[in-house]
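Step one of this worksheet: look at the structure below.
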Amino acid sequence: MLFLTSRLLSRTAGRITTTSVAPTLACFNGAVPRAAQLHTTRTIRDETTSEGALMAAAEGMRVIPTRSQSAKEMLYLFVQDLCKQNIGEEGYKYFPFALGLFTTIGACNVLNLLPYVEMPTQIIGCTVAMSATIIGGVTIKCIQKHKLDFFSFFFPAGAPLGLAPLLVPVEMISFFSRAISLGVRLGANLTAGHMIMHIIADFGAQLTASGSVLGPVTCLALLPITVLEMAVAMIQAYVFSMLTTMYIRDTIELH
């Protein structure tokens, strides 16, 4: 999939530089006719674009995929389906953002499990700042597209007009609370898992130091918990990306 996609994108990614080479002809008094001009086209890949970045990631891909290539393609299709299901046909243009968001958060969550490693996703302040930035960008995008119709988001269609003083504040609080709840959900789940691991490890160390036979057993219990935490780390990355794509859908359709 990535192999074929990279070939298709190779025609559009990057800048197109066209150079005209006009041979010197003695005739026509130095004026070169248009048909005699030689045009050469050179394509320069721009990796700052989504197409160029995808081409760079797809370098070395084979028609018969290797194991690493198959893993990349599975990740590619997984995030692509996530965008299509939550956003619709317009979700493809948000695919690079969703892919970067999922892989970055997932990698940070897994790296958080290593000793003496503290990634930004474990700090609630960082996750809230990230979610607030996303919700702010989604809100600006929605206002740019729908103009004043954006404010109809805070008053459900078909609701009695007399309930506007009650519904509008509730809907506004519900909308803008996403900026906090999205980040707190991510940071709190990771912090809770790490606290459980820390408590069990500390308890096992104390039992081992006291000479109890339960000490090594308690420490071995960290192995399944670590595997569980790795699953939770990827699930939280998926939930964050899924909710983000659902919020992006609000910029396309007002509910």
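The values are calculated or read from the model by the stated rules, or taken from the named source; none is laboratory data. Please read all numbers here as calculations on a predicted model, not as lab measurements. Don't worry about glycine lacking a Cβ; one is built from the backbone with ideal geometry, like all the others, and counts go over all protein chains shown. The accessibility values were calculated without ligands, DNA or RNA, using every heavy atom of the protein model including side chains. Shrake-Rupley method; radii C 1.70, N 1.55, O 1.52, S 1.80 Å.
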*asked:* Applying a 10 Å radius around every beta-carbon, put 189-196, 215-222 in order of their mean neighbour count, most first.
replied: 189-196, 215-222
*Peptides 231-238, 167-174: what's the order by average Cβ count within 10 Å, highest mean first?*
231-238, 167-174
_Using the Kirkwood formula on the Cα atoms of the stretch 140-230, what hydrodynamic radius do you get, in angstrom to one decimal?_
17.6
*asked:* Restricting to DSSP loop positions (anything but H, G, I, E, B) with no more than 13 other Cβ atoms inside 10 Å of their own Cβ, which chymotrypsin sites (Phe, Trp or Tyr not before Pro) remain in the stretch 107-201?
replied: Tyr116
*asked:* Leaving out ligands and nucleic acids, and using a 1.4 Å probe, what accessible area per residue does the stretch 199-255 come to in Å²?
replied: 54
*By how many nm would the segment from Val184 to Lys145 grow when fully extended, if each residue of separation counts as 0.36 nm and the alpha-carbon distance is taken off?*
11.2 nm
